[in-house]
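A.B. asks: Can you read through this structure? Questions will come right after.
Read-outs: derived from the displayed coordinates by stated rules, not from any lab. Since the structure is predicted, the reported quantities are computational estimates derived from the model, not experimental observations. Here the Cβ is made from the backbone with ideal geometry for all residues, glycine too, and neighbour counts use every protein chain on show.
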Amino acid sequence: MAEQNSTKMVGKQSIVFNNPPLILAGSSIAGKKEGEGPLGHLFDTVQEDPMVGKESWEEAESELMKEAATKVLEKAGLKNSDIRYLIGGDLLGQLIATSFGVADLNIPILGIYGACSTMGEAMALASILVDGGFADRVLAITSSHFAGAEKQFRFPLDYGNQRPYSATWTVTGSGAVIIVNPNLHKPNLGEKAIVVKGVTIGRIVDYGLKDSMNMGACMAPAAFETISANLEDLNVDPDYYDRIITGDLGYVGRNILIELLKEKNIDISNNHMDCGIEIFDKDRQDTHAGGSGCGCSAITFTAYVMKQLREGAWKRVLFVPTGALLSQVSFNEGKTVPGIAHAVMVEAV
């Protein structure tokens, strides 16, 4: 790894922390379809009712987020008042799932939008605050809901439109982590501690694509740019990481990412994993290109990736949630779909 300087800045867009913040706990609240997938047995809670007892899809998503925040506090053994800041966001307009979901927690909040890259952005900002001494404990959280996303970005479910094979299935779920100053907490005996070693902040990348039913193709160039930047900034090869984990490229986006990197003589085909591929069974669940949405990478990370790190199966991963930066307005006005990806370097120690 490249030698870090006193400012912690490494290369053009990366940060390596001198005192890596600790991921104290993670929570995962999933929907019924997600619970029926390959990772279903790992989620903290599987909600069988897509409405979660509420009157609208948006209220249901807020409830998922409230449950994720409550669960991660419980698992960490902390109270609301122990958290300095909450950083979170979602896909809905003006972040209404987040604002209505976490309001009762009464924690100072920074609402953020990175589309489906939001979990990476939230974890990056939380880690910067903790390492910089601006906060002792930060809760990072995000969510998505299949029906809410379809209603906002595509067609109401009652319309019954046909989905192309390039389309991904928005995950219903919410994931949260609590990131803390490592000097304040001791890891559980018999488990590896999980820390955020560093981050690489992504750029907006636009290859001119306009197909909102092919998010993988829209986001793959951003993942390519961020992964390339991380490897270059740190001066490491891809096998430095046990896994390079993208957020929700799905099968289409994964193939594009692999090919783009190979053009730069970077081969991640043997250690790449995509949360959108892992979360559903392609043959059995008919989700076409895989999963997507803010909740996709969030619950896959907290339920599956953290387990692999705690148990020592993996030592070091590069977690790269990916996002498509479009809205109803931009799409209807014929704009392109830019992408962004933020990378979080996570290690078991």
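A.B. asks: Can you sort HIS41, HIS272 from fewest to most other Cβ atoms within 10 Å of each residue's own Cβ?
C.D. replies: Numbers: HIS41 9, HIS272 23.
Ordered from fewest to most neighbouring Cβ atoms within 10 Å, HIS41, HIS272 come out as HIS41, HIS272.
A.B. asks: Also: Applying a 10 Å radius around every beta-carbon, put 311-317, 326-332 in order of their mean neighbour count, most first. Walk me through the numbers before you get to the answer.
C.D. replies: Values: 311-317: 15.6, 326-332: 13.7.
Highest mean packing first, the order is 311-317, 326-332.
A.B. asks: While we're on this one: Counting only residues 5 or more places away or on other chains, whose amide H sits under 5 Å from the amide H of GLN47 once H atoms are built in the peptide plane?
C.D. replies: Distant-sequence amide H within range of GLN47: ALA30, GLY31, LYS32.
A.B. asks: Rank SER144, SER269, SER27 by mean-square fluctuation in a GNM of the chain with C-alpha springs under 10 angstrom and give only the top-ranked residue.
C.D. replies: SER269
A.B. asks: Let me ask something additional. Once the convex hull of the C-alpha atoms of the chain is built, how many Å³ does it hold per residue, rounded to a whole number?
C.D. replies: Values: hull volume 43.6 nm³, N = 349.
In the chain, the Cα hull volume divided by residue count equals 125 Å³.
A.B. asks: While we're looking at this one, here's another question. What chymotrypsin sites (Phe, Trp or Tyr not before Pro) in the range 79-154 are in a loop by DSSP, with at most 13 other Cβ atoms within 10 Å of the Cβ?
C.D. replies: PHE134
A.B. asks: In the neighborhood of VAL317, defined by Cβ-to-Cβ distances under 14 Å, what is the net charge if each Lys or Arg adds +1 and each Asp or Glu adds -1?
C.D. replies: Working: positive: LYS192, LYS197, ARG243, LYS307, ARG310, LYS315, ARG316; negative: ASP239, ASP242, ASP274, GLU278, GLU311, GLU347.
Charge balance in the 14 Å sphere: +1.
A.B. asks: Fully extended, how many nm does the chain gain between ILE204 and LYS79 (0.36 nm per residue separation, minus their Cα-Cα distance)?
C.D. replies: Working: separation 125, 0.36 × 125 = 45.00 nm, distance 3.67 nm.
The ILE204-LYS79 span can extend by a further 41.3 nm.
A.B. asks: Work out the FRET efficiency for ASN332 and ASN255 from their Cβ-Cβ distance, taking R0 = 41 Å, and round it to the nearest 0.05. It would help to have the intermediate numbers written out before the result.
C.D. replies: Numbers: r = 29 Å, r/R0 = 0.71.
In this case the efficiency is close to 0.90.
A.B. asks: With point charges of +1 on the Cβ of Lys and Arg and -1 on the Cβ of Asp and Glu, referenced to the Cα centre of the chain, which listed residue (ALA97, SER212, GLY190) lies farthest in the positive direction of the dipole?
C.D. replies: The residue sitting farthest along the positive end of the dipole is GLY190.
A.B. asks: Here's a follow-up. Describe numerically, in nm with one decimal, the distance between label points set 7 Å from Cα along Cα→Cβ at LYS12 and at ASP283.
C.D. replies: The answer from the label model is 4.3 nm.
A.B. asks: While we're looking at this one, here's another question. Could you give the dipole magnitude of the range 36-138 about its Cα centre, charging the beta-carbon of Lys and Arg +1 and that of Asp and Glu -1, in debye to the nearest 20?
C.D. replies: Details: 7 positive and 17 negative charges, 97 e Å.
The calculation lands at about 460 debye.
A.B. asks: Let me ask something else. Once you have the Cα-Cα distance between GLU263 and GLU191, take 0.36 nm times their residue separation minus that, and quote the gain in nm to one decimal.
C.D. replies: On the way: separation 72, 0.36 × 72 = 25.92 nm, distance 3.94 nm.
22.0 nm is the gain from fully extending GLU263 to GLU191.
A.B. asks: By the scheme Lys and Arg +1, Asp and Glu -1, what is the net charge of all other residues having a beta-carbon under 10 Å from that of GLY339? Let's see the in-between values first.
C.D. replies: Details: positive: ARG203; negative: ASP206, GLU225.
Charge balance near GLY339 sits at -1.
A.B. asks: Between the range 327-349 and the range 63-90, what's the alpha-carbon centroid distance in Å?
C.D. replies: Answer, in whole Å: 24.
A.B. asks: OK, next. Cross-link candidates for LYS75: which lysines have Cα within less than 30 Å, leaving aside residues fewer than 8 places away along the same chain?
C.D. replies: LYS32, LYS33, LYS54, LYS66, LYS186, LYS192, LYS197, LYS307, LYS315
A.B. asks: Right, another one. Less than 10 Å Cβ to Cβ from SER144, Lys/Arg counted +1 and Asp/Glu -1: what total charge do the surrounding residues give?
C.D. replies: Within the 10 Å Cβ shell, the charges total -3.
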